[in-house]
Structures are given as structure tokens and as C-alpha cells.
1. Look at Asp188 and say whether it is modelled with pLDDT under 95, open to solvent by 70 Å² or more (accessible area, probe 1.4 Å), out of contact with any helix residue (DSSP H, G or I) (no Cβ under 8 Å at 6 or more places or on another chain) and not hydrophobic (A, V, I, L, M, F, W, C).
2. Could you count how many residues in the stretch 67-96 are without any contact (Cβ under 8 Å) to a residue 12 or more places away in the chain and outside any helix (DSSP H, G or I)?
3. Considering only the stretch 150-163, I want to know if a residue exists there that is modelled with pLDDT under 95 and among the small types (Gly, Ala, Ser).
4. Considering Ser171, Ser193, which residue is exposed (fewer than 13 other Cβ atoms within 10 Å of the Cβ), under 17 Å from the mean Cα position of the chain (by Cα), farther than 25 Å from Cys66 by Cα and not hydrophobic (A, V, I, L, M, F, W, C)?
5. Considering only the stretch 49-68, I want to know if a residue exists there that is under 24 Å from the mean Cα position of the chain (by Cα), of a type in the set (Gly, Ala, Ser) and modelled with pLDDT of 95 or more.
6. Do you know which residues across the stretch 43-64 are acidic (Asp, Glu) and surrounded by 14 or more Cβ atoms within 10 Å (Cβ to Cβ)?
7. Which ones in the stretch 103-128 are open to solvent by 10 Å² or more (accessible area, probe 1.4 Å), of a type outside the set (A, V, I, L, M) and under 13 Å from the mean Cα position of the chain (by Cα)?
Amino acid sequence: RFFFYYEKSAKNVTMTMKSIHLLCIFALYLLPSTSSLALISKSSTSTKCEIRRAILPNDLSDIQECRRDAYKNVKNLFTAARSFCNADQIQRDGYVCIIAKETEPPYRVLGTADLSLKKSVVNNVYVREEARKRGLGRKLMEAVEDVLEKPSTLKLTVYSDNVPAVNLYRSLGFEAPGIHGVMSALSDATSMSLLLTMEKKL
């Protein structure tokens, strides 16, 4: 009787395990694959955008809205910050603005870069926080280089403690000439924040 009971129980366990196995296979069949889930997640968090020269005054309000996002938690702005948010510079002759703008609603400007055509100086390179780590900064800088006539030397200034920006510019071929090279090496070895001038020959 004991052996009969044991054999019957073992058969029940075996059948239960087979049922669980079949249910798992059925569930995996119904669910999308891991790669499909990754693609869905990626498409839902990224937005297509175009890199182009801004058209003024059409793009001005979108550029201003983008830059004000950098100071959204600041009430009282200094003069330089207000000028940056208002995009005063690009409204003057001799300046152009390269923008990264969404091609889908809500059609926001995600990043900007100002260029002085006379001095070959780029500044106000900015990308919204939520749009970073997508290569937009690099694309903006590459578009700036395309606008300039060749040969020329593109120049910029950056604080040494802005590590992501410094690394980006270096990867694009920018160097700190003369005393600025010494300052760059000094800032790498210490915690000092120094204003560096960097340039790239085009």
C-alpha cells in the first residue's frame, strides 16, 4: 500500500511539472521577445530631430524656450544669463545659430550653438538635460564646422570643470594652445576650475 501511494504521488508530481513547463512555454510564446521590448522602450523615449541653421525670427521663440529651460529653477538671472535666454547674440548681424529641433510634436528645440562668422568663435553650446547622451552636442558642433569657410580656425572657451564639454571638444580635435594648454594640464591634475580657450584648424 505504501509503495502504491508513493508511485501515485510521483506520477502526480510529474504531471504537475509537465503542466507548469507547458504553461511557461505558452507564456513565452505570447510575450514579445526581449529585443522587441528593448526596441519599444527605445522608440518611446527618443525623439527624431533635425540639425540645421535656425531661421529667424521663425525659430526665435523656440530657441528662447529651450535656453530658459537651463534656468527654470532660477528666479533672478544675471545679465549674461538673461542675454543667453533671450538669444540676444544671434539677433545681431554676423551671427548664426545651429539648432537641434524635433521633427515630431511638440517640435521643441533640444539644443543650440551660436557662431560668430567674423571671428570664427562658437559659444552658447547647450542641450536640454533630458536630451543629453544622444550625441546632439557633437552633431551641433559638426554642423557649426560645416557652416564656416575653409581654411579657418574655430575657437571656443570652456571651463575646465565642465568635463563632458571638454571631453567632447577634445574628441572633435580641439586643443588648448600655448598657456591654455598648461592651464588645461593643471586643471586635470587639480580641482581648479579655469577658463580655457580651445581651437581647431579646419
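The values are calculated or read from the model by the stated rules, or taken from the named source; none is laboratory data. Keep in mind that what you see is a predicted model, and the values were worked out from it rather than measured. Glycine also receives a Cβ, built like all others from the backbone with ideal geometry; neighbour counts cover every protein chain displayed. Surface accessibility is based on the protein's heavy atoms, side chains included, excluding ligands, DNA and RNA. Shrake-Rupley method; radii C 1.70, N 1.55, O 1.52, S 1.80 Å.
1. On the way: modelled with pLDDT under 95: yes; open to solvent by 70 Å² or more (accessible area, probe 1.4 Å): yes; out of contact with any helix residue (DSSP H, G or I) (no Cβ under 8 Å at 6 or more places or on another chain): yes; not hydrophobic (A, V, I, L, M, F, W, C): yes.
The answer is yes for Asp188.
2. 10
3. yes
4. Working: Ser193 fails: under 17 Å from the mean Cα position of the chain (by Cα).
Only one candidate qualifies: Ser171.
5. So far as the stretch 49-68 goes, yes, one or more of its residues are under 24 Å from the mean Cα position of the chain (by Cα), of a type in the set (Gly, Ala, Ser) and modelled with pLDDT of 95 or more.
6. Asp59, Asp62
7. Tyr126
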